[in-house]
Amino acid sequence: MASKFQQSNRTGWLMAGPAFLLIAGFIILPFFFAIALSFTNQRLISPNPTEFTGLANYRQLLGVAVLTLDPLKDEAGAVQMKDGAPEYPSLRSITRNNPDRPDLAGMREWFSFDWGDARTFILARDVVFMTALVNTILFVVIVAPVQGGLALGLALLINQRLRGINVFRAIYFMPVVVSIVVVSLLWRFIYDGQSGLLNNLLGAVSFGAIPKIDWLGNPSTALGAIIAMSIWQAVGFHMVIWLSGLQTISPTLYEAAAIEGSSKWQTFRYITWPGLRNTAVLVLIVITMQAFALFAQIDVMTNGGPLDSTQTIVFQAVERGYGKQDISGGSTISVVLFVIVLSVSLIQRWLTREKS
């Protein structure tokens, strides 16, 4: 006869079984399928059979090279000039049909810079993905500290026993419960280059001195506009997490600090922040994972444009996997994203570990 412990253990597995099957069917198995497909040439609809291609997809996605070219010189040895600047050999003549540099075949210029008289070109096999990678990392680097800091500030403001404080908590949290698609559509109207609320507000404040800006149509402002909207939309969610951490700190510690005559900064530094250590780790990891998953805002507001200035890794994975029906390419991007997020999370956990 089974013991009570065995019976409760069996009951627990039976209750957890449906959830485990759903997780296995929609998360675990697709993940392993993505890894397997990234080593093939699988397409969504193709008459050609699927073939194993090894690391070809990863080489195509991550292939980067550095090429330094000296300026062209005439017969006298003087540097040839064009439009007031040194003239360099055609990059296309080097990256196409060049038997001396077969490793550069198919590569395109990602960016370049001058170093003395020479010009250094950074080449990539997939320039769009490299742009998406840089945009995603930039988004994470800006959003993680700014959103976390604002959320902590709001949590400190509403962590008080004042009349009507729950109204402010609801207002700050309200953007979180609204669909991100609805929020993106709303902010697309706010950012409109002609009659948008932001341009009208800036024009009224400056009495027309500030010209109208096409926030989402300008490559230099599109990503920044999406970053600002994303910070505003999710700051309330992380505020709640900070607030739960603040409410676990014993009030007697603050009473003791007040008796000792501690300033507000000293109280925050020696009582509040140490008490929020575990909460800070959670908030940092959650914000980072959400930031790497940036997709809906891009899909609704800019569709990756203008001029690929708002491309992101997840948007590229969906665009290639379903838009271009390149399942192997989309799977490869997904695997690369998984490795990046896992590495960043492990580094964050190591940096924020308890030190003896």
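The values are calculated or read from the model by the stated rules, or taken from the named source; none is laboratory data. What you see is a predicted model; the values in this text were computed from it and never measured. So basically every Cβ, Gly included, is an ideal-geometry build from the backbone, and we count neighbours across all protein chains shown. Side chains included, ligands, DNA and RNA excluded: accessible areas come from the protein's heavy atoms. Shrake-Rupley method; radii C 1.70, N 1.55, O 1.52, S 1.80 Å.
In the stretch 105-199, Rg over Rh equals 1.20, where Rg is the alpha-carbon radius of gyration and Rh the Kirkwood radius from pairwise Cα distances.
Once backbone amide H atoms are built at 1.01 Å from N, residue 218 has no partners under 5 Å, excluding neighbours fewer than 5 places away on the same chain.
The base-10 log of I(q)/I(0) for the stretch 7-158, evaluated at q = 0.09, 0.12, 0.15, 0.21 Å⁻¹, reads -0.63, -0.87, -1.02, -1.28 [Debye formula, identical scatterers on Cα atoms, solvent excluded]. Mean projected area of the convex hull spanned by the Cα atoms of the stretch 61-134, taken over all viewing directions: 6.0 nm².
Along the axis of the charge dipole computed for the chain (Cβ charges of +1 for Lys and Arg, -1 for Asp and Glu, origin at the Cα centre), the listed residues 314, 149, 280 are led at the positive end by 280.
Amide H contacts for residue 40 (H built 1.01 Å from N in the peptide plane; partners 5 or more residues away or on another chain; cut-off under 5 Å): 53. For the set 163, 92, 169, 43, the ranking by accessible area, highest first and with no ligand, DNA or RNA atoms included, is 163, 92, 43, 169 under a 1.4 Å probe. For the chain, the dipole from Cβ point charges (+1 on Lys and Arg, -1 on Asp and Glu) about the Cα centre works out to 1480 debye, to the nearest 20. Along the Cα-to-C-beta direction of residue 53, a point sits 7 Å from the Cα; which residues of the stretch 313-332 have their amide N less than 11 Å from that point? Counting backbone N atoms under 11 Å from the label point, the list is 326-332. Each principal axis of the Cα atoms in the stretch 175-313 has its own extent, and those three values, largest first, are 57, 39, 25 angstrom.
For the chain, the longest principal axis of the alpha carbon atoms and the long axis of helix 222-246 meet at an angle near 20°. In the chain, the portion of solvent-accessible area held by carbon and sulfur atoms comes to 65 percent [1.4 Å probe, whole percent, DNA, RNA and ligands not counted]. Add +1 for every Lys or Arg and -1 for every Asp or Glu among the other residues with Cβ under 15 Å from the Cβ of residue 112, and state the total. Here the count lands on -2. At a probe radius of 1.4 angstrom, the accessible area of the stretch 95-221 per residue rounds to 61 square angstrom.
For the chain, the normalised intensity computed at q = 0.08, 0.10, 0.15 Å⁻¹ comes to -0.63, -0.91, -1.35 (log10 of I(q)/I(0), Debye sum over alpha carbons, equal scatterers, no solvent). Considering only the other residues whose Cβ falls under 12 Å of the Cβ of residue 318, what net charge follows from Lys and Arg at +1 and Asp and Glu at -1? Neighbour charge sum, excluding residue 318 itself: -1. Using C-alpha pairs below 8 Å separated by at least 6 residues, the relative contact order for the chain is 21 percent. At a Förster distance of 45 Å, what's the computed FRET efficiency of residue 78 paired with residue 105, Cβ-Cβ distance as r, to 0.05? Working from the Cβ atoms, E equals 0.90. Entry note, the stretch 265-356: relative contact order of 22 percent, from Cα contacts under 8 Å with a spacing of 6+ residues. Here the Karplus relation 6.51 cos²θ - 1.76 cosθ + 1.60, evaluated at θ = phi - 60°, turns the backbone of the stretch 284-298 into coupling constants of 4, 5, 5, 4, 4, 5, 5, 5, 5, 8, 4, 8, 4, 4, 5 Hz, with x for every Gly and Pro.
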